[in-house]
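Some notes on the structure that comes next.
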Protein chains: 2
Amino acid sequence: MPQTLTIRRPDDFHCHVRQGDMMRQVLPFSTDIFGRVLLMPNTDPAILTGAAAKRYLKEAYDIIGDLLVPSRAVLIPTIKITPRTTPATIRAAKSAGVSHAKLYPDGVTTNSEYGVTDMRSLADVYATMQEVEMALLLHGEMPGVFVLDRESLFLGEVLWLSDSFTELRITLEHITTLEAVDVVNQLPDNVGATITVHHLMLTLDDVIGDKLMPHHFCKPVAKTEDDRQALIAAATSGPSKFFLGTDSAPHDAATKECSAGAAGIFSAPNAMPLLAQLFEEEDSLDQLQDFASENGAHFYGLPLNDDTITLVRETEEQVTRWRGIEVFTGTRPMTWRHQTLEEERANV
Amino acid sequence: MPQTLTIRRPDDFHCHVRQGDMMRQVLPFSTDIFGRVLLMPNTDPAILTGAAAKRYLKEAYDIIGDLLVPSRAVLIPTIKITPRTTPATIRAAKSAGVSHAKLYPDGVTTNSEYGVTDMRSLADVYATMQEVEMALLLHGEMPGVFVLDRESLFLGEVLWLSDSFTELRITLEHITTLEAVDVVNQLPDNVGATITVHHLMLTLDDVIGDKLMPHHFCKPVAKTEDDRQALIAAATSGPSKFFLGTDSAPHDAATKECSAGAAGIFSAPNAMPLLAQLFEEEDSLDQLQDFASENGAHFYGLPLNDDTITLVRETEEQVTRWRGIEVFTGTRPMTWRHQTLEEERANV
């Protein structure tokens, strides 16, 4: 049984680092671990333009700059597509350095108000994104239908996008269903999908099966064991279109443990140890680097990170709560942790 | 549009009134409204014998006795069936005046630990219940399977019970699925079912579809809109085997709004106004008395209550929280309330 695990430094292609004090709390967890962190635009107010994305990026890099230990992490900004987004918005954002835009159907998750109500009315936006090579990131849920059917019923939109914009890079984010795995597998290479750590570990039983568990509640909500097994098969399939996007989404405990709890799971600190645990249980530790460090870079045409991270086998001293924010620890005792800075220095 | 609604006094054939201070808080809501209140035995410790049921009944009647306004409500005690229940337990309980016994599969809801793990091993208990005419109340969920399948997969046990004990009075409690409605409809007259107010008004979308809603969380969890429509059809079907059991289940808000929220919805104060609203929306106000005041009495062979209650049309002044306990108010503005004591006196 290996006591350490060293892999190419991974990327997190879906992360919420919030704003202000919250960003200051949570951003270092991501930048210490991941080579690239793709930052979601559903802040308040949302990031709608290239100029706003540049301001947000500066806020984040200023926090990293303040840290005692410098990080080489690259932050990837995004803009949010709304019904008012135009081809000119896209061109200006691309000129400002934005390479990814996120589409939320209206009302499907935290801060997704004023999202898109008629996806197909934005064909000129997608065409422009295709032309300027900006990737389309999809929160793939159909609003207004039964909660467990939302992702499956959204897949028709993915098929339409894939058929209509054959050169557009399309990412179906945080997939949760067997049907989504099948559709992504069947579509051409320009369509990929991110998978979170928590959707590889949870089912709906972990949310509402016993007590009501707000810290296991996210959108899309975790589905059945068959769905989870399909996600595990996709994540452990080696070189493929499935890659890590943690959707790490911190909320103050008071926002979760209340009469109307917010959706979102804060997984960044434990994401890689939990993945190592899961891949090891699946006898697929060899595939972890593909899923976490290579498939996403290949999909987006980015260079691979050229350094590594090391995990250490450890069953104690877990991070479970950080300054009022519950940290996801999976559903069973954790078996790996990150190497400490002291350990890293001793090895170098 | 009628401004008042007077019906035969209803019964609540499934209610949790807890113990001690909590009982003192919640019991009067039920005894003010219902002619009979059937008290669940999953207290802590659980009520396992006729002697314990008599003590519990005394605690409850003492509280009623302390009230300034005397109530004529009849409280119906129950015992909990466990793997250690014997035919002698049943006979002794029956001699002590217990006419209903509740079976919880192990671990399916609040205080259901040490429930039954192998239902069919208790055939001698059911046979004795049949002989002494004690009704069997079932929390109809199969443990250890996917949360949304638990009720459907339990129906095989109901079929077995119905086939094996053709004279045993069997009540499938708080049904939530179209399948349960169908099975109860198809089985002989000795099998009936209770339906709660909240399951007539909620689906899973109201629990996890937007924010996470602990005050809409109960066991069995609310299912789909098709299921809800089947329950409404059963409840509004006039004289039938479907009758009211609110499963009113108060918890301190702190027990619901936390990192592991308890299951249970406190509906007793608003149960009848909400039913009037729903039945009116369904153009079935004529069937309300069957569902709430007659079907259950007929099923258990009890006399009908000989007085009435009156509701008044009212869209304001709703009870939403009572001393730290959230009160169920449905999913839209309420349109009825109970007549006040002053109004009642003025009319008499």
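In segment B:254-283, how many are in a helix (DSSP H, G or I) and within 13 Å of another protein chain (Cβ to nearest Cβ)? Working first, answer last.
If we filter segment B:254-283 for residues that are in a helix (DSSP H, G or I), which is where we start, we get B:254-256, B:268-281.
Checking which are within 13 Å of another protein chain (Cβ to nearest Cβ) leaves us with B:254-256.
Residues that pass the stated criteria total 3.
Can you find a residue that is polar (S, T, N, Q) and modelled with pLDDT of 95 or more anywhere in segment B:66-80? Yes, segment B:66-80 contains at least one residue that is polar (S, T, N, Q) and modelled with pLDDT of 95 or more. Where helices (runs of 4 or more DSSP H) sit wholly within segment B:7-121, none has at least 3 residues that are touching a His at 6+ places or on another chain (Cβ under 8 Å), in contact (Cβ under 8 Å) with a residue 12 or more places away in the chain and surrounded by 16 or more Cβ atoms within 10 Å (Cβ to Cβ). A:Asp206 meets all of the listed conditions (1) in contact (Cβ under 8 Å) with a residue 24 or more places away in the chain; (2) in contact with a helix residue (DSSP H, G or I) (Cβ under 8 Å, 6 or more places away or on another chain); (3) crowded, with 23+ Cβ neighbours inside 10 Å but one, namely (3). In this structure, does B:Pro250 turn out to be more than 7 Å from every other protein chain (Cβ to nearest Cβ), over 24 Å from B:Asp286 (Cα atoms) and in contact (Cβ under 8 Å) with a residue 12 or more places away in the chain? Here the answer is yes, as B:Pro250 does meet what is asked. Checking each residue in segment B:259-296 for being free of Cβ contacts under 8 Å to residues at least 60 places away in the same chain, of a type outside the set (D, E, K, R) and surrounded by fewer than 20 Cβ atoms within 10 Å (Cβ to Cβ) picks out B:Ser259, B:Ala260, B:Ser284, B:Gln287.
With respect to being of a type in the set (Gly, Ala, Ser), within 14 Å of chain A (Cβ to nearest Cβ) and on the phi > 0 side of the Ramachandran plot, B:Gly324 fits the description. On the basis of being at pLDDT 95 or above and touching a strand residue (DSSP E or B) at 6+ places or on another chain (Cβ under 8 Å), does A:Glu173 make the cut? Criteria met by A:Glu173.
Somewhere in segment B:233-243, is a residue of a type in the set (A, V, I, L, M, F, W, C), surrounded by 23 or more Cβ atoms within 10 Å (Cβ to Cβ) and within 14 Å of chain A (Cβ to nearest Cβ)?
No - not one qualifying residue is present in segment B:233-243.
Got at least one residue in segment A:130-137 being touching a helix residue (DSSP H, G or I) at 6+ places or on another chain (Cβ under 7 Å), in contact (Cβ under 8 Å) with a residue 60 or more places away in the chain, away from every other protein chain (no Cβ under 14 Å) and not aromatic (Phe, Trp, Tyr)?
Of segment A:130-137, the ones touching a helix residue (DSSP H, G or I) at 6+ places or on another chain (Cβ under 7 Å) are A:132, A:134-136.
In the following step, the residues that additionally are in contact (Cβ under 8 Å) with a residue 60 or more places away in the chain were identified as A:135.
Filter once more, so that each one left must be away from every other protein chain (no Cβ under 14 Å): A:135.
Of the ones still in play, those that are also not aromatic (Phe, Trp, Tyr) are A:135.
Scanning segment A:130-137 turns up at least one residue that is touching a helix residue (DSSP H, G or I) at 6+ places or on another chain (Cβ under 7 Å), in contact (Cβ under 8 Å) with a residue 60 or more places away in the chain, away from every other protein chain (no Cβ under 14 Å) and not aromatic (Phe, Trp, Tyr).
Residue count for segment A:320-348 satisfying the condition of being among the basic types (Lys, Arg) and not in a loop (DSSP other than H, G, I, E, B): 3. With respect to being under 15 Å from the mean Cα position of the chain (by Cα) and not acidic (Asp, Glu), A:Asn42 fits the description. Number of residues in segment A:297-319 that are assigned to a loop (DSSP other than H, G, I, E, B) and surrounded by 13 or more Cβ atoms within 10 Å (Cβ to Cβ) equals 6. Name the residues in segment A:193-226 that are of a type in the set (S, T, N, Q) and facing chain B (nearest Cβ under 9 Å), would you? A:Thr203, A:Thr224 - these are the residues of segment A:193-226 that are of a type in the set (S, T, N, Q) and facing chain B (nearest Cβ under 9 Å).
The values are calculated or read from the model by the stated rules, or taken from the named source; none is laboratory data. Being a predicted model, the structure only gives us computed values, none of them experimental. Neighbour counts are summed over all protein chains in view; Cβ atoms, including those assigned to glycine, are modelled from backbone coordinates with ideal geometry.
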